[in-house]
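Participant: Dropping a structure here in structure tokens format, bear with me for questions.
The values are calculated or read from the model by the stated rules, or taken from the named source; none is laboratory data. From a predicted model like this one, the values you see are computed outputs, not experimental measurements. Cβ atoms come from the backbone with ideal geometry, glycine included; neighbour counts cover every protein chain shown.
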Amino acid sequence: MPHAAEPLRVTPLAAELRKSSLLGAEITLPTGVKCIDLSALSESDKEILRAGLFDNGVVVIRNQQGLDPNVMPTLGKLFDPTAWDIHSGGEKMVTDAKNILSANRGARVPRAQQVSVIGKGKFRGHEGIEELDLKHVSHTEFHETPLSKEEIEQGFTRPYRWHMDAPLYERLPGFVTSLHALQVPKQPDQKIRFANNEALNIPAGATAFYSGARAFNVLTDAEKEFALNTNVRYAPRAYEWILDCKATDDALTIAKVGREKKLEELPEWSWDKVHTFPMVWKNPHNGQPHLQVLGSCVYELHTTNPSTGEVTVMSDLQQVRNTVHKLLKQVYKPENIYFHRWQEGDVVLFHNRGVVHSITGELSAPSGEEDHEKRLLWQCTMASGTEPMGYRI
Ligand SMILES: [Fe+2]
């Protein structure tokens, strides 16, 4: 197929959307290409897309109605040739009630098993699936002190849980997640309150992102040095382990120790499948350091003294969470967070090893018209065959 005259372009989003987040760009496909498809891109287009994603963290391609879901796994392989051809959540959707990843009642697209269907509301016959009853998780189910009914009625919401798409056990996190919006809720903007009591207007159901590069840059020199020398051990079967735990208001970690499952209560597991990753990961394109920690699932911190090589293990869980929270909360400011305002047809790609993201939105607010709350998204994130690259260790 001849390549179109105008190549693929990457345009950073407007400054008022990017703020200090370091995130966000729009991709314009080559002339004549309506829906993204790697076979329609030249080698140079692919390189521009790859660089655009790793430099901007989150990129959006508008008006992708009619996208073939099988394109989403091929996109994943552009950014990670070692990606396995399975969703990082496993070959099948998590439906086990013992795992909080089953809370959204999602399904898989039958013709593309690497692609999950997520969202909110009932759908019949989507992709041949007889019935879907999708649930948009609410922070009220996961936060230690959720917003009051009155605050929710006033339009307030919270991030649900800041995370990378990764089971943190057995299968390695993918480099890239792709999302495609088939239907988006039509609700008024909502609000998030930050530590200084500042309330920020955000789109209802926005996906929120912060850059691990920004999270690293805002640390003090001493904190950077600590982070560069530290590995994070995640809990065995981390999401089952925190099943009964509740998050801090900012959703960066767990508020209190004591509700974790005992290790012997977890489904069968072994230490060789438990993940220990550096705190700071190296961007595979531009070499920048990214602070990549999933604060809700941390278990231990292993810090190496660079002079002696001696390793200190922090295993007191409250201390581990406090230490991680102190680092992560510095990026949690309105100017550092990009909130994606979903439009139908959007394809959003994000650098899963370079950004941290969260669901937001109280889509169950009583609108009286259920259709206004409905949402349908496809999501593809594939397990990688490559360990995250530590910036120093
Ligand atoms: Fe996610």
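Participant: Can you pull out the residues in segment 185-199 that are modelled with pLDDT of 95 or more and crowded, with 20+ Cβ neighbours inside 10 Å?
Facilitator: If the condition is that a residue be modelled with pLDDT of 95 or more and crowded, with 20+ Cβ neighbours inside 10 Å, then Gln190, Ile192 are the ones that fit.
Each row is one residue, and each column tells you yes or no for (1) within 15 Å of the ligand (Cβ to nearest atom); (2) farther than 27 Å from Ile152 by Cα; (3) outside any helix (DSSP H, G or I).
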residue: Glu300; (1), (2), (3): no, yes, yes
residue: Gln319; (1), (2), (3): no, yes, no
residue: His325; (1), (2), (3): no, no, no
residue: Gln330; (1), (2), (3): no, no, no
residue: Val348; (1), (2), (3): yes, yes, yes
residue: His357; (1), (2), (3): yes, no, yes
residue: Leu376; (1), (2), (3): no, no, yes
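Participant: Follow-up question, since we're still on this one. For segment 223-237, how many residues are buried (at least 23 other Cβ atoms within 10 Å of the Cβ) and not in a loop (DSSP other than H, G, I, E, B)? Walk me through it before giving the result.
Facilitator: So in segment 223-237, the residues buried (at least 23 other Cβ atoms within 10 Å of the Cβ) come out as 227, 230, 232, 234-235, 237.
Still in the running and not in a loop (DSSP other than H, G, I, E, B): 227, 230, 232, 234.
Qualifying residue count for the region: 4.
Participant: Additional query: So Asn197 passes all but one of these: (1) part of a loop (DSSP other than H, G, I, E, B); (2) touching a residue at least 12 places away in the same chain (Cβ under 8 Å). Which condition number does it fail?
Facilitator: Unmet condition: (2).
Participant: Next question. Considering only segment 200-222, state which residues are within 15 Å of the ligand (Cβ to nearest atom) and either at pLDDT below 95 or in a loop (DSSP other than H, G, I, E, B) (or both). Before the answer, list the steps.
Facilitator: Of the residues in segment 200-222, the ones within 15 Å of the ligand (Cβ to nearest atom) are 205-210, 212.
Across segment 200-222, the qualifying residues are Gly205, Ala206.
Participant: Scan Leu182, Leu243, Leu252 and give me the residue that is touching a helix residue (DSSP H, G or I) at 6+ places or on another chain (Cβ under 6 Å), away from the ligand (no atom under 16 Å from the Cβ) and closer than 28 Å to His136 by Cα.
Facilitator: Testing whether each residue is touching a helix residue (DSSP H, G or I) at 6+ places or on another chain (Cβ under 6 Å), away from the ligand (no atom under 16 Å from the Cβ) and closer than 28 Å to His136 by Cα leaves just Leu243.
Participant: Every residue in segment 148-177 that is touching a residue at least 12 places away in the same chain (Cβ under 8 Å), away from the ligand (no atom under 15 Å from the Cβ), surrounded by 15 or more Cβ atoms within 10 Å (Cβ to Cβ) and over 28 Å from Gln113 (Cβ atoms), please. Step through it out loud before you land on a result.
Facilitator: Going through segment 148-177, the residues touching a residue at least 12 places away in the same chain (Cβ under 8 Å) turn out to be 152-177.
Filter again for away from the ligand (no atom under 15 Å from the Cβ), leaving 152-158, 169-170, 172.
With the extra rule that they be surrounded by 15 or more Cβ atoms within 10 Å (Cβ to Cβ), the set shrinks to 152, 155-158, 169-170, 172.
Listed by number, the residues that qualify are Ile152, Gly155, Phe156, Thr157, Arg158.
Participant: Please give the number of the condition Val293 fails out of (1) part of a helix (DSSP H, G or I); (2) aliphatic (A, V, I, L, M); (3) in contact with a helix residue (DSSP H, G or I) (Cβ under 9 Å, 6 or more places away or on another chain).
Facilitator: So the condition that Val293 fails would be (1).
Participant: Those residues that are under 14 Å from Tyr234 (Cβ atoms) and either of a type in the set (S, T, N, Q) or touching a residue at least 40 places away in the same chain (Cβ under 8 Å) (or both), I need them from segment 298-328; list them, please.
Facilitator: Within segment 298-328, Val298, Tyr299, Glu300, Leu301, His302, Ser315, Leu317, Arg321, Val324 qualify.
Participant: Exactly one condition in (1) within 15 Å of Leu252 (Cβ to Cβ); (2) of a type in the set (A, V, I, L, M, F, W, C); (3) touching a Phe, Trp or Tyr at 6+ places or on another chain (Cβ under 8 Å) is false for Leu219; which is it?
Facilitator: (3)
Participant: Check whether at least one residue in segment 313-323 is surrounded by 22 or more Cβ atoms within 10 Å (Cβ to Cβ) and either among the aromatic types (Phe, Trp, Tyr) or touching a His at 6+ places or on another chain (Cβ under 6 Å) (or both), and report yes or no.
Facilitator: No, that holds for no residue.
Participant: So which residues in segment 34-67 are in a loop (DSSP other than H, G, I, E, B) and crowded, with 17+ Cβ neighbours inside 10 Å, if there are any at all? It would help to see each step written out before you state the result.
Facilitator: Within segment 34-67, the subset in a loop (DSSP other than H, G, I, E, B) is 34-37, 41-42, 57, 62-67.
Selection gives Ile36, Leu41, Gly57, Gln64, Leu67.
Participant: Examine segment 134-142 for a residue that is within 16 Å of the ligand (Cβ to nearest atom), polar (S, T, N, Q) and either on the phi < 0 side of the Ramachandran plot or in the same structural domain as Gly57 (by TED's automatic domain parsing) (or both), and state whether such a residue exists.
Facilitator: Checked segment 134-142: at least one residue is within 16 Å of the ligand (Cβ to nearest atom), polar (S, T, N, Q) and either on the phi < 0 side of the Ramachandran plot or in the same structural domain as Gly57 (by TED's automatic domain parsing) (or both).
Participant: Pull up segment 69-127, narrow it to residues that are charged (D, E, K, R), closer than 22 Å to Glu373 by Cα and surrounded by 15 or more Cβ atoms within 10 Å (Cβ to Cβ), then point me to the one that is modelled with the lowest pLDDT.
Facilitator: Filtering segment 69-127 for residues charged (D, E, K, R) gives 77, 80, 85, 91-92, 96, 98, 105, 108, 111, 120, 122, 124, 127.
Applying the additional criterion that residues be closer than 22 Å to Glu373 by Cα yields 105, 108, 120, 122, 124, 127.
Next, from what is left, pick out any that are surrounded by 15 or more Cβ atoms within 10 Å (Cβ to Cβ): 105, 108, 120, 127.
On the way: Arg105: 83, Arg108: 92, Lys120: 91, Glu127: 94.
The qualifying residue modelled with the lowest pLDDT is Arg105.
Participant: Looking only at segment 1-33, which residues are in a loop (DSSP other than H, G, I, E, B) and in contact with a helix residue (DSSP H, G or I) (Cβ under 7 Å, 6 or more places away or on another chain)?
Facilitator: Step one: of segment 1-33, the residues in a loop (DSSP other than H, G, I, E, B) are 1-8, 13-14, 19-24, 29-33.
Answer for segment 1-33, where residues must be in a loop (DSSP other than H, G, I, E, B) and in contact with a helix residue (DSSP H, G or I) (Cβ under 7 Å, 6 or more places away or on another chain): Met1, Pro7, Leu8, Lys19, Ser20, Ser21, Leu22, Leu23, Gly24, Pro30, Val33.
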